[in-house]
1. Given N residues in the chain, what is its alpha carbon radius of gyration divided by 2.2 N^0.38 Å?
2. Give the carbon-plus-sulfur fraction of the accessible surface of the chain in %, rounded to a whole number; probe 1.4 Å, heavy atoms of protein chains only.
3. Based on the mean of other Cβ atoms within 10 Å per residue, sort peptides 230-237, 704-711, 206-213, 529-536 so the most packed one is first.
4. On the Cα set of the stretch 633-719, report Rg and Dmax in Å, please.
5. Order Phe547, Phe413 by their accessible area, 1.4 angstrom probe, all chains in place, largest first.
6. Across the Cα atoms of the stretch 193-373, what radius of gyration and what greatest pairwise Cα-Cα distance (Dmax) are found, in Å?
7. Could you tell me which of the pairs Lys7/Lys708; Lys324/Lys684; Lys237/Lys324 are separated by over 30 angstrom between their Cα atoms in the structure shown?
8. Please report, in whole Å³, the volume per residue of the convex hull around the C-alpha atoms of the stretch 473-570.
Amino acid sequence: MGEEQVKVASVLIPLPVREAFDYEVPEGIDVVRGDQVAVPLGPRLMRGIVVEARETTGSNRRLKAIDHRIDDPRLPERTVDFVEWAGRWTLSAPGEMAATALKGLRAPRPRPERRVRRVGEAVPARPTAARTAVLEALGQRAVTGADLARAAGVSSGVVKGLVDEGVLEIVEIEAVAAFDAPDPDHAPSDLNADQAAAAQAIGDAVTRGGFAPFLLDGITGSGKTEAYLEAAAQALKADPTAQILILLPEIALTQALIERITARFGNAPAEWHSGVAPPRRRQVWEAVVAGRCNIVVGARSALFLPFVNLRLLVVDEEHDGSFKQDEGLIYHGRDLAVARARIEGATVVLASATPSLETLWNARQGRYGWLRLERRHGAAVLPDIALLDLRAAPPDPQTWLSAPLREVLGETFARGEQSLLFLNRRGYAPVVLCRVCGHRMTAPDTDSWLVEHRYTGRLVCHLTGFSMMRPRTCPSCGAEDSLVSVGPGVERVEEEVRQLFPQARTAVFSSDTTPDARSARALIQSMQDGQIDILVATQAAAKGHNFPNLTLVGVVDADLGLRGGDLRAAERTFQLLSQATGRAGRADKPGRALLQTWTPEHPVLMALAAGDRDAFVEAELAEREAGSLPPHGRLAAIILSSENPQAVEKVARDLAENIPNAERLEVYGPADAPLALVRGRRRKRLLVRADRDVDLQGFLRAWLARVKVPGSVRLSVDVDPYSFL
Ligand code: ADP
């Protein structure tokens, strides 16, 4: 019997599916890895990515056939490698990673633009002056009616009349975005010696090719951005087709960087994040895969763009927790950036003034090149940091600023300089309770206290977004006007500042006052323009921004972050307060920072005051090592949730009973999650700790394969968790 040759393709469908499905490749269709195809799935045709095409003989099951190849760009081979790798690393469905990679393609095309142009040699029956002006202004071009009327200095009715008469016609022009090539010689900076050395090291690595990771470790304002932009320029000089990706932790930071890149390279880079309109995202996606776009500035999801010649990746503010996506597809943008660079054979630069312990550890082990910038550029110096012991000078009841801080605020204001008061708490008051019965206002379906927002008059759950009007009577005991606001949020501190300094112009900077990129930009601009004297801000303002006239940073509650006992509490507090205090004294005026604390003897605060990052890192790494915790060991969390509490219990029990044998690895839990109820769903957690050389993902895969999870229970795996809630 003659063996029948069949062509088979494995196709990854962008859905939460665990694996690629096999399809027969019919005669006349040729597919290779990365091609996009339409395949039948149930009753529907779905888009999918070919991950493998092969010939087999005598298959014993009948496969469904690929319907047709879709005429969209093929995904570059290494983009597919990355998608598959990311799926394996995070234990998420590879189909979901594929969906992220195709996101830009699935956005609508920009609407074609309606323009007018001349119809042949047609002339108007009545050539008035206005009509002649229109025809002269137009010439042989096609422009929009509005532009034409403006150019000719006539009303749009004149243009319309010519269209009606058949002298002009309307044509639809496909909007093709031009991404003008960056010019590396447009406006080079004059780098100082340290900056030039760092730029050189990065640029050389890019030119050499191959995977090369760097830590660019430099205090705020030392010129890290200058250095990596110079390296990007070198990369472009060596290879004008080179692609460069710069990731930022927050959309609010992109505008300033885009302006700097435009000034440096003469043309704007492409922008990629959730705030970019979908049709524009589609243009960026298509330009990236066609190699028509060199520099992309974006959020972590830009990692999934189909680059064809990615030579340099930069993760700016690499320590920032916002790079970790905690919901839906769970991944860490920084870790995936390093992986993408490895797969692409590219250079990756992790830049920070307060690098994560993971990255510092890799640098110390020699895995990453370590580039340091230790001085601020020009005359700027780091601010003088002092601790204000609240035990010696407590604020008055129901106020939050101590006398010494108030005094310095007043002096700064009197000198016409700006101050920033930092408190990482949104809203007016974190807790609202009844002074009669002690009832605390909580969310109805979630284990969290409601936060009072005065600007909107509402009580808000920051976890789920649930909100309600602040009631007049206590919902528990019915007492009237008995609810009191406990503790400060940024709105309350601003209220205090306004009472203390009625002449000062104040503002609040938090995700509530700047819900989108535009409002954030406006606020940053008015701060830079000196229209605000005292800014009260959450971490939204702690990073990246450059406020030349800001000379005082007051930290309202330096102990805040230290109280939560999770793995990175100390590290995060150190980073956040370094960033916040680093906002002061960026230009030629010296800055100072005052940290209010009840525990001035805390090692984190002492290290901050002494400006001794190394001491902090040393102590913290030693502590992590003692517990074999990251970066010395690895963690993974499994989170179960369901509206049905028994179903969660059952899966948790099954998991506990089916732990595979493994050495140098422990499983903790199952236990109720600290947030045991969210949106009416019961939550349980398990935590796995493993030594670094253990195949943690392999262990997790083997374990999860043993347990059946019913549809009513959601199970998510969080490799290297940052949130322990
Ligand atoms: P970082 O990224 O380390 O915070 P930046 O690159 O943003 O530092 O530099 C801080 C400020 O100093 C910016 O306003 C920048 O334009 C300026 N600056 C840094 N280096 C130079 C340089 N070599 N020449 C001119 N200005 C510089």
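1. 1.10
2. Taking all protein chains in place, the chain shows 50 percent carbon and sulfur surface.
3. Order by mean packing, descending: 230-237, 529-536, 206-213, 704-711.
4. Just the Cα atoms of the stretch 633-719 yield Rg and Dmax of 12.7, 39 Å.
5. Numbers: Phe547 0, Phe413 50 Å².
Descending order: Phe413, Phe547.
6. Looking at the stretch 193-373, its Cα Rg and Dmax stand at 14.9, 45 Å.
7. Lys7/Lys708; Lys237/Lys324
8. Working: hull volume 16.8 nm³, N = 98.
Taking only Cα atoms, the stretch 473-570 has a hull volume of 171 Å³ per residue.
The values are calculated or read from the model by the stated rules, or taken from the named source; none is laboratory data. Small disclaimer: the values here were computed from a predicted structure and weren't measured. A quick note on method: Cβ atoms are made from the backbone with ideal geometry, for glycine too, and the neighbour counts reach across all protein chains shown. Ligands, DNA and RNA are excluded from the accessible area calculation, which covers all protein heavy atoms including side chains. Shrake-Rupley method; radii C 1.70, N 1.55, O 1.52, S 1.80 Å.
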